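Here the structure is laid out as structure tokens; the discussion comes afterwards.
The values are calculated or read from the model by the stated rules, or taken from the named source; none is laboratory data. Nothing here was measured: the structure is a model prediction, and the numbers come from that model. Here the Cβ positions follow ideal geometry from the backbone for every residue, glycine too, while neighbour counts run over all protein chains shown.
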Amino acid sequence: MNRWLTLTSRIGTVLVAIGLALLLISLIPSGRSGTNTNGFTIEAKTFQPSFFTVLTPQQSETLTVSSSIAVDVYLLEVTYSAPYDWISQHTTNKGLNNNVTYLQWYLGNVSQIIAYSQKATLSFNYQYIPTKITNVTLVISNPTSSQAFVQSSQSISNQVAPASKVATLADWSIPVGLVLAVPWFRDLYQRRVRSSKTGTTVPP
Amino acid sequence: MPTIERGKGRPFLELFASSLNEDYRFPILELFCFLYAVGAFIFAGFSIGLGGIGASSDAVAYGLTSSLLGFPLFIFVILILKNVAFGLGNDLEKGIIQTFFSYPIKRHWILSAKLLSAVGVGLLPFIGILTSALYVLAPDVVGPHLGIVLLTFLTNLSEPLIVTSIVLLITLLLKRGALGLVLGIVTYFALAIIQGIVVAIATFTNNVVGLQILSLISPSLIEARYFSTQTTGPFFAPTIGWAPTFTDVLVYTAGSYFIVIILFLLGYTFFSRKLNL
């Protein structure tokens, strides 16, 4: 078999091996470390941070929010107190600044901290997998003029690796590897046929 | 046995191809790549990031990289020791090297072809798979700190390379591979035990002379000490006595690779001038 073809085929078999390893990793089930549920009221034109966690890329956080009226939900990569700290630093008012106007002002200035957001929603469900060690806070904002009754829950899963990402890589690398390895498989088959006909071993 | 033709670079490439064929017979390379990929994800951890309060992002990148190096590095050591001791040793025992000496190629190119296949090609999947796995796992940790990731690879690879060069010398001296392989594995484990003892002495008595000397063979020790001084928290005791700087880490790493080069040069000199078959 041509050397370049051999090289391509071996790259193919290596890709298949890596793909199988990734598939194995993606099949390892994640372990759930418990669910926290929280029910509270958010006054009109105010916001309320809900859950604060430090997550690693080997963890995923599933957040659900259900509300009596449409609310804005933000997943922020900051600590629980960060919005309040920023607002109190940038205003003369030193009280609890949980007015939605302040939140909009804060988010407008540090928009890079928004990991995910959903506006005017009655039901929020999102799974967050960080790409670094990060602080995560769920912030629920009620921009309406009436009170909102909110139920939120948080569950954290521990995993070896981001399963969906790893599975996608496996889904690509195995077929690509198999295609690249076709000449090698064909050569192997032809050698087997020849050796069975002649009764001798054909060297690679 | 490969047919060697005259031509620019051709004998070297023929020998290299022949060595590749011997060192990475199916499914050796595939098996090792599978183990690298599985090991990279299974052993990766973020203990520095969570355990160390105020850990710098460099320290987190270092902690993540060094956490996954244990098992894959051991696998890598087995692979290159097998290639150097068994591959070269068997060629010496069976007289294949003697045949290579009759080819129109200088002796040092023969050894280069063997080592490029045994160590160089072995390094490619090791670094490639592990770095990719790190990137898949934590792109925002690895991407901005690729320099730290590569430095951690460098500091952790120098000790296996020193052991490999010792195994090469033993294999060339004894002209057989099995003993070289056994001595190589014993040396690798002995160094690990000595490291443990030296680190314990440095921690309990603040006597860091042993640690400083051993850091020339295993610069991963000085790198670990450097990053432990960058991190405070419940799992990190304050480092008293010797607080190396980043320049020290680079100097010790360069020093250890200087030792690696000297040992490999000794192997080359012996192979080129003193090896009688």
Residues that are more than 13 Å from chain B (Cβ to nearest Cβ), more than 30 Å from residue B:145 (Cα to Cα) and surrounded by fewer than 17 Cβ atoms within 10 Å (Cβ to Cβ): does the stretch A:162-173 have at least one? no
Matching option when the condition is more than 24 Å from residue B:60 (Cβ to Cβ) and in contact with a Pro (Cβ under 8 Å, 6 or more places away or on another chain), among B:188, B:226: B:188
Verdict on residue A:55 being surrounded by 19 or more Cβ atoms within 10 Å (Cβ to Cβ), of a type outside the set (Gly, Ala, Ser) and either touching a strand residue (DSSP E or B) at 6+ places or on another chain (Cβ under 9 Å) or not assigned by TED's automatic domain parsing to the domain that holds residue A:189 (or both): yes
Selected residue [surrounded by fewer than 17 Cβ atoms within 10 Å (Cβ to Cβ), in a helix (DSSP H, G or I) and away from chain A (no Cβ under 12 Å)] from B:122, B:128, B:89, B:147: B:147
Out of the stretch A:21-35, which residues are surrounded by fewer than 19 Cβ atoms within 10 Å (Cβ to Cβ) and either at the interface with chain B (Cβ under 7 Å from one of its Cβ atoms) or not basic (Lys, Arg) (or both)? A:23, A:24, A:27, A:28, A:29, A:30, A:31, A:33, A:34, A:35
Look at residue A:41 and say whether it is over 21 Å from the mean Cα position of the chain (by Cα), of a type in the set (S, T, N, Q) and outside the structural domain of residue A:99 (by TED's automatic domain parsing). no
Count of the stretch A:108-155 residues which are hydrophobic (A, V, I, L, M, F, W, C), away from chain B (no Cβ under 14 Å) and surrounded by 14 or more Cβ atoms within 10 Å (Cβ to Cβ): 8
Test each condition in (1) under 30 Å from residue A:110 (Cα atoms); (2) in contact with a Pro (Cβ under 9 Å, 6 or more places away or on another chain); (3) modelled with pLDDT under 90 for residue A:1 and report the one that comes out false. (1)
